[in-house]
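Novice: Quick one: the structure is below, and I'll ask about it shortly.
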Amino acid sequence: GGKIPARCEMKKEDQWKIEDLYASDELWEQDFQKLKEQMQEFSKYEGTMGDSAEQLYQVLTEQDRLNMLMENVYVYANQKNHEDMGNGTYQKMAGRAQSLMSALSDAVSFVESELLEIPQEKLQKFLEEKEKLCLYKRYIDEKFREKEHILSKEMEAVLAKVYELGRAPQNIFQMFNNADIDFG
């Protein structure tokens, strides 16, 4: 069993080509900042998804574009970090990428619930009007299929209360039982 060579000792053709994503850390930083700004701008779409077929298409394609840019930023930072786990610069970049991913998730969180509020007949009409929306037909169908298995926040709260009520008799019995035990 020979010793595993350090990355700097390995042949270039045996290494992943991380430079295909970004030729430099500076280019990564540019995309990181661009993504940060564009995520904040995305909020302008909130409340507009049901306005028209064109608007729905616009929101979904913009969400896709942000997700793809995020993937590049995230993968680059994490791969650079894994190349050399002792390099504080890349540890920091990977941490920043992780935080940005969470922020992006928050920024686009309205998309799913807003999509599910559009009546299905209206969505069908949108799909007929805007040919390019067919690219998202599977995504839309999946979200509506999942919807059937998702309880509303109100129902979740009711179920939690019912569960507590159901446990009340047992809890009361245990309190009295434990209080009445005579340990001599």
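The values are calculated or read from the model by the stated rules, or taken from the named source; none is laboratory data. Note that the structure is predicted; figures quoted are calculated from it, not measured. Ideal geometry is used to build each Cβ from the backbone, glycine not excepted, and the neighbour counts take in all protein chains shown. The protein model used for the area step is the full one, side chains on, heavy atoms only, and it has no ligands, DNA or RNA in it. Shrake-Rupley method; radii C 1.70, N 1.55, O 1.52, S 1.80 Å.
Novice: Which condition does L27 not pass, out of (1) surrounded by 13 or more Cβ atoms within 10 Å (Cβ to Cβ); (2) out of contact with any helix residue (DSSP H, G or I) (no Cβ under 6 Å at 6 or more places or on another chain); (3) in contact (Cβ under 8 Å) with a residue 24 or more places away in the chain, if it passes all the others?
Specialist: The failed condition is (3).
Novice: With the requirement that a residue be in contact with a helix residue (DSSP H, G or I) (Cβ under 8 Å, 6 or more places away or on another chain), modelled with pLDDT under 95 and open to solvent by 40 Å² or more (accessible area, probe 1.4 Å), what does the range 73-88 give you?
Specialist: Answer for the range 73-88, where residues must be in contact with a helix residue (DSSP H, G or I) (Cβ under 8 Å, 6 or more places away or on another chain), modelled with pLDDT under 95 and open to solvent by 40 Å² or more (accessible area, probe 1.4 Å): Q79, E83, D84, M85, N87.
Novice: A further question follows. Select, from L56, L60, the only residue that is part of a helix (DSSP H, G or I), touching a Gly at 6+ places or on another chain (Cβ under 8 Å), crowded, with 18+ Cβ neighbours inside 10 Å and modelled with pLDDT of 95 or more.
Specialist: L56
Novice: Among the residues of the range 108-132, what is the count of those that are free of Cβ contacts under 8 Å to residues at least 12 places away in the same chain, in a helix (DSSP H, G or I) and under 18 Å from E46 (Cβ atoms)?
Specialist: Going through the range 108-132 one residue at a time, the tally reaches 1.
Novice: I've got another one for you. Which numbered condition in (1) open to solvent by 50 Å² or more (accessible area, probe 1.4 Å); (2) closer than 30 Å to K92 by Cβ; (3) touching a residue at least 60 places away in the same chain (Cβ under 8 Å) is the only one that E46 fails?
Specialist: Unmet condition: (2).
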